[in-house]
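The values are calculated or read from the model by the stated rules, or taken from the named source; none is laboratory data. Source: prediction; values computed, not measured. Don't worry about glycine lacking a Cβ; one is built from the backbone with ideal geometry, like all the others, and counts go over all protein chains shown.
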Amino acid sequence: MGILYAATLSFINTLILMAQVPLACLGGVLALVVTGTPFSVSAAVGFISIFAIAIMDGILLNFYIFQLWKEGHTVVDSIVMGADRRFRALMMTALVDGLGLLPAALSTRIGAQTQRPLAIVVIGGAISIALLTRVFQPTLVYLLRRPLGLTDERSSPTIATNQG
């Protein structure tokens with residue numbers, strides 16, 4: 001959490017990014033339940049993978065929303081445009097995760113019992129991230145900014161930028 005705070009320089013942005021993790025877990029757990037796959041060490045590694053995917057997607061969307069805000073758009077316009085413009089990149093990430101691990105998830109050959117839980121968790125988590133976080137994160141950004149009176153301002157947000 002400290003690394004996220006150092007990247008965003010805002011406790012609210014850190015909370016927004018950390019809120020993506022339970023949504024990724026939800027997809028991974030549901031995928032294990034639906035397929036009847038028991039939790040194992042390789043499934044735990046899959047959960048670590050989807051945590052990283054969720055945080056990375058959240059960071060990219062968050063930074064883009066704040067970039068649009070800095071360019072002079074209102075917070076609401078920035079949120080809507082950011083979610084809309086980053087949707088394709090998110091779907092491509094989810095498709096690469098899902099299609100790339102589909103053979104491992106469907107395999108029944110020797111060694112599949114160690115790879116299969118990881119693949120199932122990552123596929124379920126990627127689907128969950130793709131579907132839920134595109135609605136959840138922009139809503140959370142708006143709701144957490146509204147009590148601060150920042151939803152109608154055009155002032156610059158507090159977020160670290162990489163000028164290099």
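Could you tell me how many of the residues in segment 64-81 are touching a His at 6+ places or on another chain (Cβ under 9 Å) and either among the small types (Gly, Ala, Ser) or farther than 30 Å from Gly124 by Cβ (or both)?
Matching residues across segment 64-81 total 0.
Have a look at Leu131, Leu118 and point out the one that is part of a helix (DSSP H, G or I), modelled with pLDDT under 85 and within 30 Å of Thr35 (Cβ to Cβ).
Within the list Leu131, Leu118, the selection yields Leu131.
Go through (1) under 15 Å from the mean Cα position of the chain (by Cα); (2) basic (Lys, Arg); (3) surrounded by 14 or more Cβ atoms within 10 Å (Cβ to Cβ) for Lys70 and report which single condition fails.
With (1) under 15 Å from the mean Cα position of the chain (by Cα); (2) basic (Lys, Arg); (3) surrounded by 14 or more Cβ atoms within 10 Å (Cβ to Cβ) applied to Lys70, the lone miss is (1).
Step by step: first the residues of segment 80-136, then only those that are of a type in the set (Ser, Thr, Tyr) and either surrounded by 17 or more Cβ atoms within 10 Å (Cβ to Cβ) or within 13 Å of the chain's Cα centre (by Cα) (or both), then the one that is nearest to Ile48 (Cα to Cα). Which residue is that?
Per the stated criteria, the residue is Ser128.
Is it the case, given these coordinates, that Leu143 is closer than 21 Å to Tyr5 by Cα, modelled with pLDDT of 80 or more and not in a loop (DSSP other than H, G, I, E, B)?
yes
Mind checking whether some residue in segment 39-48 is crowded, with 20+ Cβ neighbours inside 10 Å, touching a residue at least 60 places away in the same chain (Cβ under 8 Å), in contact with a Leu (Cβ under 6 Å, 6 or more places away or on another chain) and in a helix (DSSP H, G or I)?
Yes, there is a match, as at least one residue in segment 39-48 is crowded, with 20+ Cβ neighbours inside 10 Å, touching a residue at least 60 places away in the same chain (Cβ under 8 Å), in contact with a Leu (Cβ under 6 Å, 6 or more places away or on another chain) and in a helix (DSSP H, G or I).
Would you mind finding the one in Tyr5, Tyr64 that is touching a Lys or Arg at 6+ places or on another chain (Cβ under 8 Å) and either closer than 17 Å to Leu101 by Cα or assigned to a helix (DSSP H, G or I) (or both)?
From the options Tyr5, Tyr64, the qualifying one is Tyr64.
Kindly establish whether Asp152 is charged (D, E, K, R), modelled with pLDDT of 65 or more and either touching a helix residue (DSSP H, G or I) at 6+ places or on another chain (Cβ under 8 Å) or part of a helix (DSSP H, G or I) (or both).
The answer is no for Asp152.
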